[in-house]
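The values are calculated or read from the model by the stated rules, or taken from the named source; none is laboratory data. This is a predicted model, so every value here is computed, not measured. Cβ placement follows ideal geometry from the backbone for every residue including glycine, while neighbour counts extend to all protein chains displayed. Side chains are part of the model used for accessible areas, which takes the heavy atoms of the whole protein and leaves out ligands, DNA and RNA. Shrake-Rupley method; radii C 1.70, N 1.55, O 1.52, S 1.80 Å.
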Amino acid sequence: MAIILPEDPTPIAKVPSTENKTGGWRTFRPIIHYDKCIRCYICWKFCPDAAIHFAPPDAHPSPKEALAKFDTVEINYDYCKGCGICANECPVNAIELVLEEAGGEEE
Amino acid sequence: MHRLTIPEEEYMLSGHTACLGCGATIAMRYVLKALGKRTILSIPACCWAVIPGVYPHRNLEVPLLYTAFEVTGAAISGIREALDVMGKEDVNVVGFAGDGGTADIGLQALSAAAERGHNVFYIMYDNEAYMNTGIQRSGSTPMGAWTTTTPGGKKRMYKWEPKKSVAEIMVAHNIPYVATATIAYPEDMISKLRRAKEMKGPKFIQILSPCPTGWRYPPDKTVEVSRLAVQTNVFPLYEVVNGKYRITIKPKNPKPVKDYLMMQGRFRHLTEEEIARIQKHIDENWKALLKKERCSQED
Ligand SMILES: Cc1ncc(C[n+]2csc(CCOP(=O)(O)OP(=O)(O)O)c2C)c(N)n1
Ligand code: SF4
Ligand code: SF4
Ligand SMILES: [Mg+2]
(Lines give C-alpha, C1' and ligand atoms only; values in the text may rest on other atoms or scores of the structure.)
(Ligands and ions follow the chains in the order given, each with its own letter.)
Protein backbone atom coordinates (compact mmCIF):
# COMPACT_ATOMS: atom_id res chain seq x y z
CA MET A 1 0.00 0.00 0.00
CA ALA A 2 1.35 3.39 -0.92
CA ILE A 3 1.99 5.72 1.97
CA ILE A 4 0.78 9.21 1.18
CA LEU A 5 2.82 11.86 2.94
CA PRO A 6 1.55 15.41 3.33
CA GLU A 7 3.21 17.88 0.95
CA ASP A 8 5.04 19.47 3.84
CA PRO A 9 5.69 16.64 6.30
CA THR A 10 6.48 18.64 9.40
CA PRO A 11 5.46 17.93 12.96
CA ILE A 12 5.01 21.66 13.45
CA ALA A 13 1.37 22.65 13.75
CA LYS A 14 1.24 25.92 11.89
CA VAL A 15 -2.42 26.88 11.77
CA PRO A 16 -3.47 28.98 14.77
CA SER A 17 -6.53 27.73 16.63
CA THR A 18 -8.08 31.16 16.04
CA GLU A 19 -9.17 29.71 12.68
CA ASN A 20 -11.67 27.80 14.77
CA LYS A 21 -14.57 30.15 15.50
CA THR A 22 -15.93 28.68 18.73
CA GLY A 23 -18.52 31.45 19.09
CA GLY A 24 -20.93 29.13 17.29
CA TRP A 25 -21.08 26.95 20.42
CA ARG A 26 -22.82 29.67 22.40
CA THR A 27 -26.24 29.26 23.96
CA PHE A 28 -26.01 32.38 26.13
CA ARG A 29 -24.48 35.64 24.95
CA PRO A 30 -22.75 37.80 27.57
CA ILE A 31 -23.53 41.48 27.07
CA ILE A 32 -21.54 44.17 28.87
CA HIS A 33 -23.60 47.09 30.14
CA TYR A 34 -21.04 49.83 29.86
CA ASP A 35 -23.02 52.20 32.05
CA LYS A 36 -22.14 49.89 34.96
CA CYS A 37 -18.66 48.63 34.03
CA ILE A 38 -15.99 49.90 36.42
CA ARG A 39 -13.11 48.75 34.18
CA CYS A 40 -11.65 46.38 36.78
CA TYR A 41 -10.70 43.73 34.16
CA ILE A 42 -11.80 40.81 36.33
CA CYS A 43 -13.77 39.39 33.39
CA TRP A 44 -10.63 39.58 31.21
CA LYS A 45 -8.66 37.80 33.90
CA PHE A 46 -10.92 34.77 34.25
CA CYS A 47 -12.10 34.13 30.67
CA PRO A 48 -11.13 30.53 29.78
CA ASP A 49 -11.27 31.33 26.08
CA ALA A 50 -9.16 34.50 26.16
CA ALA A 51 -12.14 36.10 24.42
CA ILE A 52 -12.09 39.44 26.24
CA HIS A 53 -9.73 42.17 25.09
CA PHE A 54 -9.01 45.79 25.89
CA ALA A 55 -10.36 48.70 23.88
CA PRO A 56 -9.41 52.41 24.00
CA PRO A 57 -11.00 54.38 26.88
CA ASP A 58 -13.43 56.25 24.63
CA ALA A 59 -14.65 53.15 22.77
CA HIS A 60 -17.55 52.96 25.23
CA PRO A 61 -19.15 55.40 27.67
CA SER A 62 -17.93 55.17 31.24
CA PRO A 63 -20.18 55.47 34.30
CA LYS A 64 -17.75 57.77 36.13
CA GLU A 65 -15.45 60.59 35.06
CA ALA A 66 -12.57 59.07 37.10
CA LEU A 67 -12.74 55.86 35.05
CA ALA A 68 -12.76 57.54 31.65
CA LYS A 69 -8.97 57.47 31.30
CA PHE A 70 -8.78 53.68 31.64
CA ASP A 71 -9.13 51.24 28.78
CA THR A 72 -12.45 49.50 28.47
CA VAL A 73 -13.12 45.83 27.61
CA GLU A 74 -14.88 44.09 24.75
CA ILE A 75 -16.00 40.52 24.17
CA ASN A 76 -14.93 38.77 21.00
CA TYR A 77 -18.06 36.91 19.94
CA ASP A 78 -16.10 34.91 17.36
CA TYR A 79 -14.63 32.89 20.23
CA CYS A 80 -16.75 33.45 23.36
CA LYS A 81 -18.46 30.13 24.14
CA GLY A 82 -20.93 31.75 26.53
CA CYS A 83 -19.78 29.96 29.69
CA GLY A 84 -20.90 32.91 31.82
CA ILE A 85 -17.85 33.03 34.09
CA CYS A 86 -17.38 36.73 33.28
CA ALA A 87 -20.98 37.48 34.30
CA ASN A 88 -20.63 35.43 37.48
CA GLU A 89 -17.38 37.12 38.52
CA CYS A 90 -18.10 40.74 37.54
CA PRO A 91 -18.20 42.59 40.89
CA VAL A 92 -20.88 45.08 39.77
CA ASN A 93 -23.06 42.73 37.70
CA ALA A 94 -22.35 44.66 34.53
CA ILE A 95 -22.54 41.55 32.36
CA GLU A 96 -25.87 40.04 31.44
CA LEU A 97 -26.37 36.65 29.84
CA VAL A 98 -29.11 36.56 27.24
CA LEU A 99 -30.33 33.59 25.26
CA GLU A 100 -28.48 33.70 21.95
CA GLU A 101 -31.62 33.78 19.75
CA ALA A 102 -32.94 36.64 21.82
CA GLY A 103 -29.57 38.43 21.94
CA GLY A 104 -29.62 39.16 18.25
CA GLU A 105 -27.06 41.56 16.84
CA GLU A 106 -27.09 44.12 19.63
CA GLU A 107 -23.31 44.34 20.00
CA MET B 1 -4.10 52.56 30.11
CA HIS B 2 -5.00 49.52 32.13
CA ARG B 3 -3.65 48.35 35.45
CA LEU B 4 -3.50 44.58 35.72
CA THR B 5 -2.64 42.17 38.50
CA ILE B 6 -1.41 39.42 36.15
CA PRO B 7 0.72 39.64 32.96
CA GLU B 8 -1.09 40.87 29.87
CA GLU B 9 0.75 38.66 27.34
CA GLU B 10 -1.34 35.77 26.02
CA TYR B 11 0.34 32.53 24.98
CA MET B 12 -2.88 30.52 24.88
CA LEU B 13 -4.98 31.45 21.86
CA SER B 14 -8.75 31.55 21.50
CA GLY B 15 -10.47 28.89 19.40
CA HIS B 16 -9.40 25.90 21.47
CA THR B 17 -11.77 22.97 21.85
CA ALA B 18 -12.18 22.78 25.64
CA CYS B 19 -15.67 22.59 27.10
CA LEU B 20 -17.16 25.94 28.03
CA GLY B 21 -16.02 27.06 31.45
CA CYS B 22 -13.06 24.64 31.54
CA GLY B 23 -10.84 25.27 34.57
CA ALA B 24 -7.83 23.52 33.02
CA THR B 25 -7.65 26.11 30.23
CA ILE B 26 -7.59 28.93 32.78
CA ALA B 27 -4.74 27.08 34.51
CA MET B 28 -2.75 26.84 31.26
CA ARG B 29 -3.40 30.49 30.47
CA TYR B 30 -1.89 31.58 33.81
CA VAL B 31 1.02 29.11 33.72
CA LEU B 32 2.17 30.49 30.38
CA LYS B 33 1.60 34.09 31.48
CA ALA B 34 3.91 33.39 34.44
CA LEU B 35 6.63 31.48 32.59
CA GLY B 36 6.64 33.38 29.29
CA LYS B 37 7.71 32.65 25.75
CA ARG B 38 10.93 30.74 26.49
CA THR B 39 9.09 27.64 27.58
CA ILE B 40 8.75 24.13 26.15
CA LEU B 41 5.79 22.02 27.19
CA SER B 42 5.22 18.31 27.20
CA ILE B 43 1.65 17.03 27.55
CA PRO B 44 0.57 13.39 27.86
CA ALA B 45 -2.83 11.90 27.04
CA CYS B 46 -5.41 14.00 28.93
CA CYS B 47 -7.98 16.69 28.10
CA TRP B 48 -5.14 19.09 27.30
CA ALA B 49 -3.95 16.73 24.57
CA VAL B 50 -7.23 17.40 22.80
CA ILE B 51 -7.88 21.03 23.70
CA PRO B 52 -5.34 22.53 21.24
CA GLY B 53 -7.30 20.97 18.34
CA VAL B 54 -6.21 18.52 15.66
CA TYR B 55 -3.11 18.86 13.50
CA PRO B 56 -2.21 21.22 11.86
CA HIS B 57 -3.82 23.49 14.47
CA ARG B 58 -1.88 24.98 17.32
CA ASN B 59 -3.29 26.73 20.34
CA LEU B 60 -0.19 27.57 22.36
CA GLU B 61 2.49 30.00 21.32
CA VAL B 62 5.26 27.77 22.70
CA PRO B 63 6.64 24.43 21.46
CA LEU B 64 4.65 21.44 22.65
CA LEU B 65 5.69 17.79 22.60
CA TYR B 66 2.89 15.27 23.02
CA THR B 67 3.90 12.19 24.93
CA ALA B 68 2.39 8.91 26.12
CA PHE B 69 0.11 8.86 29.16
CA GLU B 70 2.66 7.49 31.64
CA VAL B 71 5.91 9.20 30.66
CA THR B 72 5.64 12.96 31.17
CA GLY B 73 8.41 12.80 33.78
CA ALA B 74 10.72 11.01 31.35
CA ALA B 75 9.84 13.32 28.43
CA ILE B 76 10.68 16.50 30.35
CA SER B 77 13.88 14.94 31.71
CA GLY B 78 15.07 14.27 28.16
CA ILE B 79 14.09 17.70 26.84
CA ARG B 80 15.89 19.35 29.74
CA GLU B 81 19.11 17.43 29.32
CA ALA B 82 19.16 18.02 25.55
CA LEU B 83 18.61 21.76 26.01
CA ASP B 84 21.37 21.93 28.60
CA VAL B 85 23.79 20.24 26.21
CA MET B 86 22.82 22.85 23.63
CA GLY B 87 23.54 25.59 26.16
CA LYS B 88 19.88 26.64 26.38
CA GLU B 89 19.68 26.65 30.13
CA ASP B 90 17.30 29.60 30.28
CA VAL B 91 14.43 27.69 28.62
CA ASN B 92 11.72 26.49 31.04
CA VAL B 93 10.82 22.84 30.54
CA VAL B 94 7.32 22.09 31.75
CA GLY B 95 5.37 18.88 32.04
CA PHE B 96 1.63 19.65 32.07
CA ALA B 97 -0.37 16.56 32.98
CA GLY B 98 -3.74 15.62 34.43
CA ASP B 99 -4.35 14.02 37.81
CA GLY B 100 -4.71 10.54 36.30
CA GLY B 101 -1.44 11.04 34.40
CA THR B 102 0.23 12.22 37.61
CA ALA B 103 -1.27 10.55 40.69
CA ASP B 104 -1.73 7.20 38.97
CA ILE B 105 -0.12 6.08 35.73
CA GLY B 106 2.63 8.71 35.51
CA LEU B 107 3.73 8.58 39.15
CA GLN B 108 6.85 6.50 38.66
CA ALA B 109 8.19 8.60 35.76
CA LEU B 110 7.55 11.73 37.83
CA SER B 111 9.19 10.21 40.89
CA ALA B 112 12.24 9.19 38.88
CA ALA B 113 12.57 12.64 37.30
CA ALA B 114 12.31 14.26 40.72
CA GLU B 115 14.84 11.89 42.23
CA ARG B 116 17.33 12.50 39.41
CA GLY B 117 16.93 16.20 40.09
CA HIS B 118 16.35 17.60 36.59
CA ASN B 119 15.73 21.31 36.36
CA VAL B 120 12.08 21.04 35.28
CA PHE B 121 8.57 22.12 36.19
CA TYR B 122 5.85 19.55 36.58
CA ILE B 123 2.33 20.93 36.64
CA MET B 124 -0.43 18.58 37.70
CA TYR B 125 -3.72 20.11 36.60
CA ASP B 126 -6.07 18.38 38.92
CA ASN B 127 -9.67 17.99 37.76
CA GLU B 128 -10.04 15.02 40.10
CA ALA B 129 -10.88 12.28 37.58
CA TYR B 130 -10.05 10.93 34.13
CA MET B 131 -12.15 13.52 32.34
CA ASN B 132 -11.00 13.07 28.76
CA THR B 133 -12.22 9.48 28.68
CA GLY B 134 -15.51 10.16 30.47
CA ILE B 135 -15.15 10.88 34.21
CA GLN B 136 -13.53 7.73 35.62
CA ARG B 137 -12.18 7.91 39.18
CA SER B 138 -8.47 8.58 39.73
CA GLY B 139 -6.36 8.42 42.90
CA SER B 140 -6.96 12.15 43.11
CA THR B 141 -10.78 11.91 43.11
CA PRO B 142 -12.00 13.16 46.50
CA MET B 143 -13.94 11.25 49.13
CA GLY B 144 -17.63 10.86 48.48
CA ALA B 145 -17.54 11.75 44.78
CA TRP B 146 -19.62 10.14 42.09
CA THR B 147 -17.77 9.20 38.90
CA THR B 148 -18.75 6.79 36.12
CA THR B 149 -16.59 4.08 37.75
CA THR B 150 -17.82 4.90 41.28
CA PRO B 151 -21.53 5.00 40.49
CA GLY B 152 -24.54 5.49 42.72
CA GLY B 153 -27.61 3.33 42.77
CA LYS B 154 -28.64 0.97 45.56
CA LYS B 155 -25.12 -0.16 46.40
CA ARG B 156 -23.82 3.41 46.77
CA MET B 157 -20.35 2.69 45.43
CA TYR B 158 -19.21 6.33 45.50
CA LYS B 159 -15.50 6.83 46.00
CA TRP B 160 -14.70 6.60 49.70
CA GLU B 161 -10.92 6.33 49.61
CA PRO B 162 -9.32 9.66 50.55
CA LYS B 163 -7.76 11.81 47.83
CA LYS B 164 -4.12 10.85 47.29
CA SER B 165 -1.92 13.81 48.19
CA VAL B 166 0.55 14.05 45.32
CA ALA B 167 1.93 17.35 46.66
CA GLU B 168 2.97 15.57 49.87
CA ILE B 169 4.48 12.69 47.87
CA MET B 170 6.57 15.30 46.07
CA VAL B 171 7.62 16.96 49.34
CA ALA B 172 8.95 13.54 50.36
CA HIS B 173 11.28 13.66 47.32
CA ASN B 174 13.15 16.56 48.96
CA ILE B 175 12.87 18.73 45.85
CA PRO B 176 13.37 22.50 46.13
CA TYR B 177 9.81 23.60 45.40
CA VAL B 178 6.33 22.15 45.84
CA ALA B 179 3.12 24.19 45.81
CA THR B 180 -0.62 23.98 45.41
CA ALA B 181 -2.64 26.57 43.50
CA THR B 182 -6.06 27.06 41.98
CA ILE B 183 -7.56 29.21 39.25
CA ALA B 184 -9.63 31.52 41.48
CA TYR B 185 -6.35 32.91 42.85
CA PRO B 186 -4.32 33.81 39.74
CA GLU B 187 -2.00 36.25 41.52
CA ASP B 188 -1.10 33.56 44.08
CA MET B 189 -0.53 30.99 41.32
CA ILE B 190 1.62 33.31 39.22
CA SER B 191 3.78 34.42 42.14
CA LYS B 192 4.40 30.76 43.00
CA LEU B 193 5.41 29.96 39.43
CA ARG B 194 7.74 32.93 39.40
CA ARG B 195 9.31 31.90 42.69
CA ALA B 196 9.77 28.41 41.29
CA LYS B 197 11.38 29.87 38.18
CA GLU B 198 14.16 31.32 40.33
CA MET B 199 15.04 27.86 41.65
CA LYS B 200 17.07 25.11 40.05
CA GLY B 201 15.90 21.53 40.22
CA PRO B 202 12.50 19.86 40.06
CA LYS B 203 9.52 22.06 40.82
CA PHE B 204 6.07 20.59 41.32
CA ILE B 205 2.80 22.54 41.33
CA GLN B 206 -0.63 20.99 41.75
CA ILE B 207 -3.39 23.19 40.34
CA LEU B 208 -6.97 22.42 41.30
CA SER B 209 -8.83 22.95 38.00
CA PRO B 210 -12.61 22.58 38.35
CA CYS B 211 -14.38 20.77 35.53
CA PRO B 212 -18.06 21.66 34.96
CA THR B 213 -18.64 18.56 32.84
CA GLY B 214 -17.26 16.05 35.33
CA TRP B 215 -18.13 17.79 38.59
CA ARG B 216 -21.67 18.46 37.43
CA TYR B 217 -22.07 22.19 38.05
CA PRO B 218 -23.06 24.98 35.60
CA PRO B 219 -20.05 26.31 33.62
CA ASP B 220 -20.33 29.88 34.96
CA LYS B 221 -19.41 28.61 38.46
CA THR B 222 -15.87 27.38 37.68
CA VAL B 223 -14.09 30.23 39.45
CA GLU B 224 -16.61 30.27 42.29
CA VAL B 225 -16.15 26.52 42.95
CA SER B 226 -12.36 26.98 42.90
CA ARG B 227 -12.61 29.85 45.40
CA LEU B 228 -14.89 27.83 47.68
CA ALA B 229 -12.43 24.92 47.66
CA VAL B 230 -9.96 27.26 49.33
CA GLN B 231 -12.44 29.03 51.61
CA THR B 232 -13.68 25.71 53.00
CA ASN B 233 -10.11 24.32 53.46
CA VAL B 234 -10.97 21.53 51.03
CA PHE B 235 -7.96 22.53 48.92
CA PRO B 236 -5.47 24.58 50.96
CA LEU B 237 -3.06 26.84 49.09
CA TYR B 238 0.52 26.45 50.29
CA GLU B 239 4.09 26.16 49.19
CA VAL B 240 7.02 24.14 50.47
CA VAL B 241 10.36 25.81 49.77
CA ASN B 242 13.29 23.54 50.57
CA GLY B 243 11.14 21.67 53.06
CA LYS B 244 9.67 24.74 54.76
CA TYR B 245 5.88 24.97 54.58
CA ARG B 246 4.03 28.25 54.15
CA ILE B 247 0.27 28.46 53.77
CA THR B 248 -0.24 31.31 51.28
CA ILE B 249 -3.98 31.87 51.82
CA LYS B 250 -5.51 31.24 55.22
CA PRO B 251 -9.30 31.64 55.28
CA LYS B 252 -10.23 33.74 58.31
CA ASN B 253 -13.54 32.02 58.96
CA PRO B 254 -13.56 28.81 56.93
CA LYS B 255 -16.94 28.06 55.37
CA PRO B 256 -18.64 24.70 55.94
CA VAL B 257 -17.49 22.03 53.49
CA LYS B 258 -21.17 21.46 52.73
CA ASP B 259 -21.27 24.78 50.83
CA TYR B 260 -18.63 23.44 48.44
CA LEU B 261 -20.13 19.96 48.13
CA MET B 262 -23.69 21.09 47.46
CA MET B 263 -22.68 23.23 44.49
CA GLN B 264 -21.69 20.11 42.60
CA GLY B 265 -23.81 17.30 41.21
CA ARG B 266 -21.03 14.77 41.88
CA PHE B 267 -21.74 15.14 45.63
CA ARG B 268 -25.49 15.60 45.47
CA HIS B 269 -26.24 12.11 46.84
CA LEU B 270 -24.39 12.67 50.13
CA THR B 271 -26.30 12.24 53.38
CA GLU B 272 -25.81 14.52 56.41
CA GLU B 273 -23.67 11.84 58.11
CA GLU B 274 -21.51 11.47 55.04
CA ILE B 275 -21.06 15.23 54.81
CA ALA B 276 -20.05 15.28 58.50
CA ARG B 277 -17.51 12.54 57.81
CA ILE B 278 -16.00 14.55 54.96
CA GLN B 279 -15.96 17.71 57.12
CA LYS B 280 -14.04 15.82 59.82
CA HIS B 281 -11.54 14.55 57.26
CA ILE B 282 -11.00 18.09 55.89
CA ASP B 283 -10.59 19.52 59.42
CA GLU B 284 -7.97 16.90 60.27
CA ASN B 285 -6.03 17.58 57.07
CA TRP B 286 -6.08 21.31 57.76
CA LYS B 287 -4.84 20.86 61.33
CA ALA B 288 -2.06 18.59 60.10
CA LEU B 289 -1.04 21.23 57.54
CA LEU B 290 -0.95 23.97 60.21
CA LYS B 291 1.32 21.72 62.29
CA LYS B 292 3.63 21.07 59.36
CA GLU B 293 3.87 24.81 58.78
CA ARG B 294 4.67 25.47 62.43
CA CYS B 295 7.19 22.63 62.82
CA SER B 296 9.03 23.21 59.55
CA GLN B 297 9.41 26.96 60.20
CA GLU B 298 11.03 26.30 63.61
CA ASP B 299 14.78 26.15 63.55
C1 LIG C 1 -1.50 3.90 28.44
C2 LIG C 1 -2.81 4.56 28.20
N3 LIG C 1 -3.91 4.15 28.85
C4 LIG C 1 -5.08 4.78 28.66
C5 LIG C 1 -5.19 5.83 27.79
C6 LIG C 1 -6.53 6.49 27.56
N7 LIG C 1 -6.61 7.79 28.18
C8 LIG C 1 -6.40 8.93 27.48
S9 LIG C 1 -6.62 10.31 28.37
C10 LIG C 1 -7.08 9.40 29.73
C11 LIG C 1 -7.53 10.08 31.00
C12 LIG C 1 -6.61 11.14 31.48
O13 LIG C 1 -6.99 11.55 32.76
P14 LIG C 1 -6.20 12.71 33.47
O15 LIG C 1 -4.75 12.44 33.44
O16 LIG C 1 -6.81 12.95 34.80
O17 LIG C 1 -6.43 13.98 32.52
P18 LIG C 1 -7.88 14.65 32.16
O19 LIG C 1 -8.40 13.93 30.96
O20 LIG C 1 -8.76 14.53 33.35
O21 LIG C 1 -7.56 16.06 31.82
C22 LIG C 1 -7.01 8.03 29.46
C23 LIG C 1 -7.36 6.97 30.41
C24 LIG C 1 -4.01 6.23 27.11
N25 LIG C 1 -4.02 7.27 26.26
N26 LIG C 1 -2.84 5.59 27.33
S1 SF4 D 1 -15.65 42.52 35.40
FE2 SF4 D 1 -17.45 43.85 35.10
S3 SF4 D 1 -16.80 45.87 35.84
FE4 SF4 D 1 -14.93 44.64 35.61
S5 SF4 D 1 -14.18 45.17 33.54
FE6 SF4 D 1 -15.46 43.33 33.31
S7 SF4 D 1 -17.55 44.12 32.85
FE8 SF4 D 1 -16.34 45.82 33.64
S1 SF4 E 1 -19.01 34.00 28.58
FE2 SF4 E 1 -17.13 32.79 29.07
S3 SF4 E 1 -16.09 32.63 27.07
FE4 SF4 E 1 -17.58 34.30 26.87
S5 SF4 E 1 -16.42 36.16 27.38
FE6 SF4 E 1 -17.44 35.46 29.30
S7 SF4 E 1 -15.88 34.22 30.30
FE8 SF4 E 1 -15.22 34.42 28.15
MG1 LIG F 1 -8.12 14.50 35.33
TODO: Rank by packing, highest mean first: peptides B:84-96, B:127-139, with packing defined as the count of other Cβ atoms within 10 Å averaged across residues.
DONE: B:127-139, B:84-96
Task: Highest-first arrangement of B:211-218, B:236-243, where packing means the average Cβ count within 10 Å - done: B:211-218, B:236-243
- [ ] Hey, can you grab everything whose amide H is under 5 Å from the amide H of A:Val73? Only 5+ residues off in sequence or another chain; H modelled, so Pro and N-termini drop out.
- [x] A:Ala55
Open item on the list: Among A:Pro48, A:Cys80, A:Phe70, which residue has its Cα furthest toward the positive end of the charge dipole of region A:29-102, with +1 on Lys/Arg Cβ and -1 on Asp/Glu Cβ?
Closed with: A:Phe70
Task: Peptide-level mean, for A:85-95, of C-beta atoms on other protein chains within 10 Å - done: 3
Task: Per residue, in Å², the accessible surface of chain B once ligands and nucleic acids are set aside, probe 1.4 Å - done: 41 Å²
Task: Summed side-chain charge close to B:Lys200 - residues other than B:Lys200 whose Cβ falls under 15 Å, Lys, Arg +1, Asp, Glu -1 - done: +2
- [ ] Determine the dipole magnitude for chain B: charges of +1 sit on the beta-carbon of Lys and Arg, -1 on that of Asp and Glu, nothing else is charged, the reference point is the Cα centre, and the result goes in debye to the nearest 20.
- [x] 580 debye
- [ ] Return the long-range amide H neighbours of B:Arg58 (sequence gap of 5 or more, or a different chain), with a cut-off of under 5 Å between placed amide H atoms.
- [x] A:Val15, A:Ser17
TODO: Decide, for region A:48-92, between rounded, prolate and oblate: order the square roots of the alpha carbon gyration tensor eigenvalues as a ≥ b ≥ c, take rounded if a/c falls under 1.5, and otherwise choose prolate if a/b is larger than b/c, else oblate.
DONE: oblate
- [ ] Could you go through region B:244-255 in sequence order and give the Karplus-derived ³J(HN,Hα) for each residue, using 6.51 cos²θ - 1.76 cosθ + 1.60 with θ = phi - 60°, rounded to whole Hz, and x for Gly and Pro?
- [x] 9, 7, 8, 7, 8, 9, 10, x, 5, 10, x, 7
- [ ] Read phi for every residue in region B:258-273 and hand back ³J(HN,Hα) as whole Hz from Karplus 6.51 cos²θ - 1.76 cosθ + 1.60, θ = phi - 60°, with x for Gly and Pro.
- [x] 3, 4, 6, 5, 6, 6, 10, x, 5, 10, 4, 6, 5, 8, 4, 5
Open item on the list: Can you compute the modelled spin-label distance between B:Lys155 and A:Ala59, with each label point 7 Å from Cα toward Cβ, in nm?
Closed with: 5.6 nm
Task: the protein assembly as shown, dipole about Cα centre (Lys/Arg Cβ +1, Asp/Glu Cβ -1), debye to the nearest 20 - done: 1380 debye
Task: Accessible surface of the protein assembly as shown [probe 1.4 Å, protein heavy atoms]: carbon and sulfur percent - done: 56 percent
- [ ] Mind running the shape call on region B:1-135? Use the C-alpha gyration tensor, a ≥ b ≥ c as the square roots of the eigenvalues: rounded below 1.5 for a/c, prolate if a/b tops b/c, oblate otherwise.
- [x] oblate
TODO: Shielding by partners for B:47-60, please: the mean number of other protein chain Cβ atoms within 10 Å of each residue's Cβ.
DONE: 4
TODO: Treat every Asp and Glu Cβ in region A:29-102 as -1 and every Lys and Arg Cβ as +1, leave all other atoms uncharged, and give the resulting dipole magnitude about the Cα centre to the nearest 20 debye.
DONE: 260 debye
- [ ] Go ahead and run the numbers for FRET between B:Arg116 and B:Leu289, Cβ-Cβ distance against an R0 of 35 Å, rounding to 0.05.
- [x] 0.80
Task: Extended-chain gain in nm, criterion 0.36 nm per residue less alpha-carbon gap, A:Ile12 and A:Asn76 - done: 20.3 nm
Task: Across chain A: Cys residues that no other cysteine approaches within a C-beta distance under 4.7 Å - done: A:Cys37, A:Cys40, A:Cys47, A:Cys80, A:Cys83, A:Cys90
- [ ] Find out how many positive minus negative residues lie around B:Gln231, taking Lys and Arg as positive, Asp and Glu as negative, among other residues whose Cβ is under 11 Å from that of B:Gln231.
- [x] +2
Open item on the list: Averaged over its residues, how many other protein chain Cβ atoms are within 10 Å of peptide A:37-43's Cβ atoms?
Closed with: 2
Open item on the list: Along the charge dipole of region A:1-90, pointing to its positive end and built from +1/-1 on Cβ of Lys, Arg, Asp and Glu, which listed residue (A:Pro57, A:Pro30, A:Ala13) has its Cα farthest out?
Closed with: A:Pro30
TODO: Tell me, rounded to the nearest percent, the portion of alpha carbon pairs in chain B spaced more than 25 Å apart.
DONE: 46 percent
Task: Spacing of the two label points (7 Å from each Cα toward its C-beta) at A:Glu19 and B:Val50, in nm - done: 2.1 nm
Task: Positive-pole candidate from B:Thr150, B:Gln297, B:Leu237, dipole of chain B, charges at beta carbon - done: B:Thr150
Open item on the list: Tell me the net charge near B:Asp90. Cut-off is 14 Å between Cβ atoms, B:Asp90 excluded, with +1 for each Lys or Arg and -1 for each Asp or Glu.
Closed with: +3
Open item on the list: Given bins 10 angstrom wide, list per bin the percent of all Cα-Cα distances in the protein assembly as shown, short to long.
Closed with: 5, 21, 31, 26, 13, 3, 0, 0
